[in-house]
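Peer 1: Here you go, one structure.
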Amino acid sequence: MSASTQVPVQLGMPATPPRPLATRRRSRQLTVGSVKVGGDAPVSVQSMTTTLTSDIGATLQQIAELTASGCEIVRVAVPSQDDADALPVIARKSTIPVIADIHFQPKYVFAAIDAGCAAVRVNPGNIKQFDDKVKEIAKAAGDAGTPIRIGVNAGSLDKRLLAKYGKATPEALVESALWECSLFEEHGFRDIKISVKHNDPVVMINAYRLLAQQCDYPLHLGVTEAGPAFQGTIKSSVAFGALLAEGIGDTIRVSLSAPPAEEVKVGIAILESLGLRQRGFEIVSCPSCGRAQVDVYTLAEQVTEALSGMDVPMRVAVMGCVVNGPGEAREADLGVASGNGKGQIFVKGEVIRTVPEADIVPTLITEANRLADELRLAGVPSGEPTVSWA
């Protein structure tokens with residue numbers, strides 16, 4: 001091929017998300033406040049506040065923090081009348097849609113609908129006399145245009161199903177969810193989203209696969225009680241990755257024993273890694289080895305910390321040797337290939353200078369900010385949810 005006919009190689013962050021791994025499961029679409037869920041809508045990221053909902057100021061403050069971290073829908077717990085009384089103000093002042101999380105007391109479902117919450121989550125396994133209230137709930141929710149999430153959890157499965165299956169199997173979780181959906185369907189209500197959560201990713205994956213085959217409702221993915229940050233991130237990434245790669249899942253919540261904003265960061269990173277939304281700022285760095293002639297760990301940590309607020313899609317490569325370093329740095333928007341106490345700085349595939357190790361981080365920061373300014377002026381989007389399914 002002659003030089004004049006060569007196809008240019010695109011460097012750095014892809015302009016659009018890569019082709020998805022599978023055709024997305026076609027689910028019906030519902031609207032949760034300002035966010036569409038299901039159908040062809042992007043997979044949304046949710047979290048849950050850890051404050052007392054009755055403490056309106058603290059709850060709204062945490063919702064603001066979650067919003068800033070990229071959360072698109074937030075859930076608040078409503079275990080008491082004081083919490084229910086706080087819902088009208090929270091629903092009105094929240095910057096993102098609020099879902100009321102209801103357990104044990106059907107009266108709080110009606111309170112949440114009256115308060116203007118964007119949706120209500122109910123757990124059929126532990127709401128007393130829930131079945132007897134379905135007709136009233138369906139009418140109230142239908143009149144208000146409020147979606148209902150049927151949220152089945154392994155830890156609170158209906159005793160009748162525990163007796164039937166012996167434990168919270170995938171089949172038991174799915175039967176519980178579809179039974180409660182059928183009660184709503186009897187009254188013409190189908191504005192429903194479903195979750196069937198379990199703390200074991202294998203059980204959870206099988207439950208959602210089974211559920212996806214048996215209904216067209218949008219599905220909210222979650223590994224419940226996933227654990228501390230490291231363990232929970234691994235469990236959620238494995239489970240969500242398996243299902244989303246099969247086209248299953250319309251909204252996600254990463255459950256961590258960690259601040260809620262961390263859940264959101266992990267959730268967004270999962271979607272970006274699967275190409276289900278425009279990637280944001282990304283560090284590519286090597287794990288280091290005996291070939292490394294600079295302190296790669298420190299370089300990567302310093303660059304990551306310094307550029308943590310970057311709001312445009314950009315790939316920065318921090319590499320420690322001459323084997324993979326030049327290639328990775330050349331293919332990033334910005335990169336360094338290090339060796340013998342020095343670093344070659346690459347911008348868009350070209351070496352712009354060689355600097356001492358002590359100057360690598362300041363140089364990368366300066367160039368990253370310059371490139372970010374250029375991207376903003378060019379109108380490059382800052383990682384908002386976009387998706388292109390096969």
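The values are calculated or read from the model by the stated rules, or taken from the named source; none is laboratory data. Every value quoted in this text rests on a predicted model; they were computed, and no experiment measured them. Cβ atoms come from the backbone with ideal geometry, glycine included; neighbour counts cover every protein chain shown. Note: areas computed on protein heavy atoms with side chains; ligands, DNA, RNA excluded. Shrake-Rupley method; radii C 1.70, N 1.55, O 1.52, S 1.80 Å.
Peer 1: All other residues with a Cβ under 12 Å from the Cβ of Ile365 taken together, and with Lys, Arg as +1 and Asp, Glu as -1, what is their net charge?
Peer 2: Charge balance in the 12 Å sphere: -2.
Peer 1: May I pose another question? If you take the charge dipole of the chain about its Cα centre, with +1 on Lys and Arg Cβ and -1 on Asp and Glu Cβ, which of Ile234, Ala111, Val174 is farthest toward its positive end?
Peer 2: Projecting each Cα onto the dipole axis, the largest value belongs to Val174.
Peer 1: Please compute the contact order of region 168-274 in relative form: average sequence separation of alpha-carbon pairs under 8 Å and at least six residues apart, divided by the residue count, as a percent.
Peer 2: Reported relative contact order: 24 percent.
Peer 1: Shifting gears a bit: Long-range amide H contacts for Met48: which residues qualify at under 5 Å (H placed 1.01 Å from N, peptide plane, sequence gap of 5 or more or a different chain)?
Peer 2: When sequence neighbours closer than 5 places are left aside, the close amide H contacts are Arg75.
Peer 1: Follow-up. Please report the relative contact order for region 27-274, taking Cα pairs under 8 Å with a sequence separation of at least 6, and give it as a percent rounded to a whole number.
Peer 2: Relative CO of region 27-274 lands at 20 percent.
Peer 1: Filter the cross-link list Lys167/Lys235; Lys36/Lys164; Lys139/Lys164; Lys133/Lys159; Lys164/Lys193 down to pairs whose alpha-carbon distance in this structure exceeds 28 Å.
Peer 2: In this structure, Lys36/Lys164; Lys139/Lys164 lie more than 28 Å apart at Cα.
Peer 1: Same structure again: Which residue fluctuates the most in the chain, going by a Gaussian network model with Cα springs under 10 Å, if the choices are Arg25, Arg253, Arg370?
Peer 2: Top of the fluctuation ranking is Arg370.
Peer 1: Tally Lys and Arg at +1 and Asp and Glu at -1 over the other residues with C-beta under 12 Å from the C-beta of Ile283: what net charge comes out?
Peer 2: Spelling it out: positives minus negatives among the neighbours equals -3.
Peer 1: With a/c under 1.5 counting as rounded, go ahead and sort region 27-274 into rounded, prolate or oblate using the C-alpha gyration tensor (a ≥ b ≥ c being the square roots of the eigenvalues; past the cut-off, prolate if a/b is larger than b/c, else oblate).
Peer 2: Rounded is the answer for region 27-274, as its axis ratio a/c remains below 1.5.
Peer 1: Taking θ as phi - 60°, what are the ³J(HN,Hα) couplings along region 74-80 by the Karplus curve (6.51, -1.76, 1.60), each to the nearest whole Hz, with x for Gly and Pro?
Peer 2: Ordered by residue, 3J(HN,Hα) equals 10, 10, 10, 7, 10, x, 9 Hz.
Peer 1: Could you tell me whether region 106-203 comes out rounded, prolate or oblate from its Cα gyration tensor? Rule is a ≥ b ≥ c as square roots of the eigenvalues, rounded for a/c under 1.5, then prolate if a/b exceeds b/c, otherwise oblate.
Peer 2: In terms of gyration-tensor shape, prolate.
Peer 1: For the full complex of protein chains and a 1.4 angstrom probe, list Val89, Val196 by accessible area with the highest value first.
Peer 2: Final ranking, largest accessible area leading: Val89, Val196.
Peer 1: Suppose accessible area is computed on protein heavy atoms with a 1.4 Å probe; arrange Asp82, Asp200, Asp114 from highest to lowest.
Peer 2: From most exposed to least exposed: Asp114, Asp82, Asp200.
Peer 1: Near the amide H of Cys321, under 5 Å away, which other amide H atoms are found, from residues 5 or more places off or on another chain, if H is placed in the peptide plane?
Peer 2: The answer is Ser338.
Peer 1: I've got another one for you. If I build a Gaussian network model for the chain, linking alpha-carbon pairs within less than 10 angstrom, which residue out of Val294, Val336, Val318 has the largest mean-square fluctuation?
Peer 2: Val294
Peer 1: First select every other residue whose beta carbon is under 14 angstrom from the beta carbon of Thr49; then total the charges, Lys and Arg +1, Asp and Glu -1.
Peer 2: -2
Peer 1: Additional query: Which whole-Hz couplings ³J(HN,Hα) result when phi for each residue of region 42-54 is put into the Karplus expression 6.51 cos²θ - 1.76 cosθ + 1.60, θ = phi - 60°, listed in order with x for Gly and Pro?
Peer 2: Here the 3J(HN,Hα) series is x, 5, 9, 10, 10, 8, 9, 5, 10, 7, 5, 4, 5 Hz.
Peer 1: Is there a quick way to get the dipole size of the chain? I mean about its Cα centre, with the Cβ of Lys and Arg at +1 and of Asp and Glu at -1; what is the value in debye to the nearest 20?
Peer 2: In debye, rounded to 20, the chain gives about 800.
Peer 1: Taking a ≥ b ≥ c as the square roots of the Cα gyration tensor eigenvalues, with a/c under 1.5 meaning rounded and otherwise prolate when a/b beats b/c, else oblate, which class fits region 152-297?
Peer 2: Because a/c hits 1.5 or more and a/b exceeds b/c, region 152-297 counts as prolate.
Peer 1: Additional query: 5 Å is the cut-off here: which amide hydrogens, built 1.01 Å from N in the peptide plane, fall below it relative to Leu221, excluding neighbours closer than 5 in sequence?
Peer 2: When sequence neighbours closer than 5 places are left aside, the close amide H contacts are Asp250, Thr251, Ile252, Arg253.
Peer 1: Ordering His198, His220 from largest to smallest accessible area (1.4 angstrom probe), what's the sequence?
Peer 2: Accessible-area ranking of His198, His220, largest first: His198, His220.
Peer 1: List, in order, the whole-Hz ³J(HN,Hα) value for each residue of region 259-275 obtained from phi through the Karplus relation with A = 6.51, B = -1.76, C = 1.60 and θ = phi - 60°; use x for Gly and Pro.
Peer 2: x, x, 4, 5, 4, 5, 4, 5, x, 5, 4, 4, 5, 5, 5, 8, x
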